[in-house]
Amino acid sequence: MPDLPTLAVFSVATLALLLVPGPAVVYIVTRSVAQGRAAGMVSVLGVHAGSLVHIAAAALGISAILAASATAFTIVKYAGAAYLVYLGVRKLMDRSSAEEAVVVATPKARLFGEGFVVNVLNPKTAIFFLAFLPQFADPHAGPLAPQIVLLGMIWVVLGMASDGTYALAASALSGRLKRSAAARRRLDVGSGVVYIALGGVAAFAGEPSK
């Protein structure tokens with residue numbers, strides 16, 4: 001396994017990167033504000049279940065294939081972008097929060113599944129795992145796959161901590177929004193626009209260099 005100084009540097013660098021909001025953080029925050037702490041934490045679990053897919057892909061070399069194949073990258077890129085746009089359009093079209101006094105809760109299984117898909121269908125995450133994790137793996141320390149798995153699990157632990165903090169902070173606003181239909185509608189419109197914008201960014205992301 002990598003030595004302790006390497007793990008310490010990796011942990012600091014990972015935490016710094018995780019604190020920058022992306023599609024997963026936007027999803028977690030919007031679900032936390034809309035439905036509270038429990039929904040936010042379920043969303044965090046879904047997102048990082050998706051992280052496990054990227055860890056496995058990196059360890060097995062699938063991410064390398066994705067980076068080397070323009071076709072594979074394009075398919076995943078547009079699938080992820082389409083899903084983000086779908087979430088955004090659904091938010092913009094949903095009038096229930098403006099018309100009902102009580103928020104209709106999204107089932108936890110659906111929250112988990114949507115978080116999972118948001119993170120799995122993010123090609124930038126796959127490329128990040130390919131480019132970032134290997135920098136901290138040492139071929140002289142043993143097989144690379146177990147080292148990548150270890151580094152990936154550190155990523156997941158730190159990711160759940162940082163995303164969980166976002167969820168808890170956002171859920172503090174949920175009670176106030178539940179009492180205001182207008183505020184809930186503004187949240188839906190705002191989150192819908194953000195999802196669509198993120199989908200556009202993902203769609204126009206450059207292909208990995210060869």
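Quick note: the coordinates plus some simple rules give every number you see, no bench work behind them. Keep in mind the model is a prediction, meaning the values are calculated, not measured. Cβ coordinates were reconstructed from backbone atoms using ideal geometry, including for glycine residues, and neighbour counts include every protein chain displayed.
Across segment 23-35, in residue order, what do the Karplus-derived ³J(HN,Hα) couplings come to in whole Hz, using 6.51 cos²θ - 1.76 cosθ + 1.60 with θ = phi - 60° and x for Gly and Pro?
Couplings: x, 5, 5, 4, 4, 4, 5, 5, 5, 5, 5, 6, 10 Hz.
Can you compute 3J(HN,Hα) from phi for each residue in segment 144-156, using the Karplus curve 6.51 cos²θ - 1.76 cosθ + 1.60 with θ = phi - 60°, rounded to whole Hz and x for Gly and Pro?
Per-residue couplings from phi come out as 6, 4, x, 5, 5, 4, 4, 4, x, 5, 5, 4, 5 Hz.
Please give the net charge around Val42, taking every other residue with its beta carbon less than 9 angstrom from that of Val42, where Lys and Arg add +1 and Asp and Glu add -1.
+2
Provide the per-residue ³J(HN,Hα) series for segment 3-9, in order, calculated from phi with Karplus coefficients 6.51, -1.76, 1.60 and θ = phi - 60°, each as a whole number of Hz, with x at glycine and proline positions.
With the stated coefficients, segment 3-9 comes to 6, 4, x, 5, 5, 5, 5 Hz.
Full extension from Leu19 to Leu144: what is 0.36 nm times the residue separation minus their Cα-Cα distance, to one decimal in nm?
42.3 nm is the gain from fully extending Leu19 to Leu144.
For Ile75 paired with Val9, estimate the spin-label separation in nm (one decimal), with each label point 7 Å from Cα along the Cα-to-Cβ line.
Distance between label points: 3.7 nm.
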